[in-house]
Amino acid sequence: MFSCPTTASEAERIQLTQTQVTEFSDTDSEESLESVDLDGSETITHRGLNLFWRTFFLISALLLGSMMVWQQTLTAMEFESRALETAEELASQINLSRMALIYSDAITRVSLLKDIRDQEGLDFLPREPTDRFTLHNSDAMGRRVSTELVSRLGVGSIMASSVNDKPGLWIGFRIGADDYWLLATEEHFNRAGGSTWGVWLTAAIGLSLLGAALIARLINRPLKQLSFAASRVRDGDFDASHLDETVHTGEIREVNIGFNRMAQKLSKVEQDRAVMLAGISHDLRTPLARLRLETELSVSDLEARAHMAADIAQVDAIIGKFLDYARPGKEKLTPVVLSDVVQACLYSYQQQDDIQINLQLEDNLLVLADEVELGRIVSNLLENARRYGKSADTGIARIQIAAISRDKWVLIKIRDHGIGVATEQLTNLTQPFYRGETARTAANGAGLGLAIVEKTVQRMGGAFSLTNAGSGGLSANIRLPRVTSV
């Protein structure tokens, strides 16, 4: 791993050409950063309802549909009986009144009609041939009652909704050779439904929606807890991932127990790995140090000594890369001045003739990162560009470094002007131990450099992606959280 100094005087720093990096605003580079989430995978936006609302709406639709079916069924069942009851009540009143009028004298008849009008709300009027009336058949209930009433009162009976433009419940019937109208109020005409149906239906709908919400919440709660625990395990926080193993539902209890056992095993694996890595540095590097010392003292051939020292250094570097990639834990993030880190990493290139760097950074850019790890990332990408991004014509690696702020993020781009990488290999370059085509991997290595960069950026809450620049070369794009105030 390339290390960089932490301090350097302004006079000793490399003199960088301040040129405008026009490719930074290209759609391929910027879109590649915006399309990568904090886990390093491409963000796929799914528009839709979460599990709670989806379950709630499905249960609500089922309950409301069932209630509507039952309401229609009950209405249809009540329709016939209510029509017969209404017709029977009206026919009974007319028949009783008709019999009383037939068997009473003239004086008693007048008093009887007055009592019926005052007490029952029924008014008997003579029916004239010139009367204009409108039949009471505007709805199914009216037509059914009218048909039943005519069958009970006999031929010539009719039911009208108005007579001579006077609204009301008018029933025409015959007493002997005379025709009469019975004028009744609408209260005598019992229609199906009414306000009572509306009240009960509203109450049923409200209770159904409340029940659907409670059921959806009970179903969604264990899944939400499992999702949260899985996210904690993903971030390495095993202590916060414990699920309740005493829940009453057997299936959920089994899932929670299985998940907790899995998390415990993963935690044990992490602990064992940390112990193993702690011993690798001593068990491997100590013999390498003795071998290096023995080579310096015992090998007299300068060329052979140099080759052996280079091999030992390469083995030591590969071990270092393994340790860096497998190193567990999250970084301690603090506000870091990006320009200071970049300038410190560029210091070691001031005496090298095979590299030319153009730098453009926004002023006072602060990122939330680990300063040491950020320096390692920049150094790793610079070394990668220097080795594999040299121009075929001049043999010089022209590297451009640029950074801009976008809302709550800082976008960093390190781009070379080499031959680039085949498009189908871009996603594989950040896989551990993957080696691209020979043109970009002429130097020896473990194939872990870019994998370490991606993993480190993710531990700092950022995103990393690789793209081919539009005018040639490979572009490494980094997105880190931006700090607006300290």
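A few comments on the model shown:
- Here the extension length gained between LEU201 and ASN137 equals 20.3 nm, from 0.36 nm per residue of separation less the Cα-Cα distance.
- Residue list for region 206-237, given a label point 7 angstrom along the Cα-to-Cβ vector of ASP244 and an amide N cut-off under 13 Å: 218-226
- Applying the Karplus relation 6.51 cos²θ - 1.76 cosθ + 1.60 with θ = phi - 60° to region 206-212 yields 3J(HN,Hα) values of x, 5, 5, 5, 5, x, 5 Hz, where x marks Gly and Pro.
- Cubic angstrom per residue, convex hull over Cα atoms of region 348-405: 95 Å³
- Overall form of region 247-313 per C-alpha gyration tensor (a/c, 1.5; a/b vs b/c): prolate
- Once backbone amide H atoms are built at 1.01 Å from N, LEU135 has SER161 as its partners under 5 Å, excluding neighbours fewer than 5 places away on the same chain.
- For region 307-315, putting each phi into the Karplus relation 6.51 cos²θ - 1.76 cosθ + 1.60 with θ = phi - 60° gives couplings of 5, 5, 5, 5, 5, 5, 5, 5, 4 Hz, in residue order, rounded to whole numbers and with x for Gly and Pro.
- Solvent-accessible heavy-atom area per residue, rounded to whole Å², over region 337-386 at 1.4 Å: 39 Å²
- Between amide H atoms placed 1.01 Å from N, distances below 5 Å from ILE396 occur with SER391, all of them 5 or more places distant or on a separate chain.
- Cα shape, region 219-259, gyration tensor, a/c 1.5 rule: prolate
- Listed residue pairs exceeding 27 Å between alpha carbons, taken from LYS224/LYS268; LYS224/LYS413; LYS332/LYS408; LYS265/LYS408; LYS268/LYS455: LYS224/LYS413; LYS265/LYS408
- Region 297-403 shape via C-alpha gyration tensor axes, a/c threshold 1.5: oblate
- Shown is the FRET efficiency for ARG232 and ARG117, computed with R0 = 56 Å from the Cβ-Cβ distance and rounded to the nearest 0.05: 0.10.
- A simple rule links phi to the HN-Hα coupling: the Karplus curve 6.51 cos²θ - 1.76 cosθ + 1.60 with θ = phi - 60°, which for region 457-466 gives 4, 5, 5, 8, x, x, 9, 9, 8, 10 Hz, with x for Gly and Pro.
- The modelled label-to-label distance for the pair GLU88/GLN71, using points 7 Å beyond Cα in the direction of Cβ, is 2.9 nm.
The values are calculated or read from the model by the stated rules, or taken from the named source; none is laboratory data. Note that the structure is a prediction, hence the values are computed from the model and not measured. Note: ideal-geometry Cβ built from the backbone for every residue, glycine included; neighbour counts use all protein chains shown. With ligands, DNA and RNA removed, areas are computed over all heavy atoms of the protein, side chains included. Shrake-Rupley method; radii C 1.70, N 1.55, O 1.52, S 1.80 Å.
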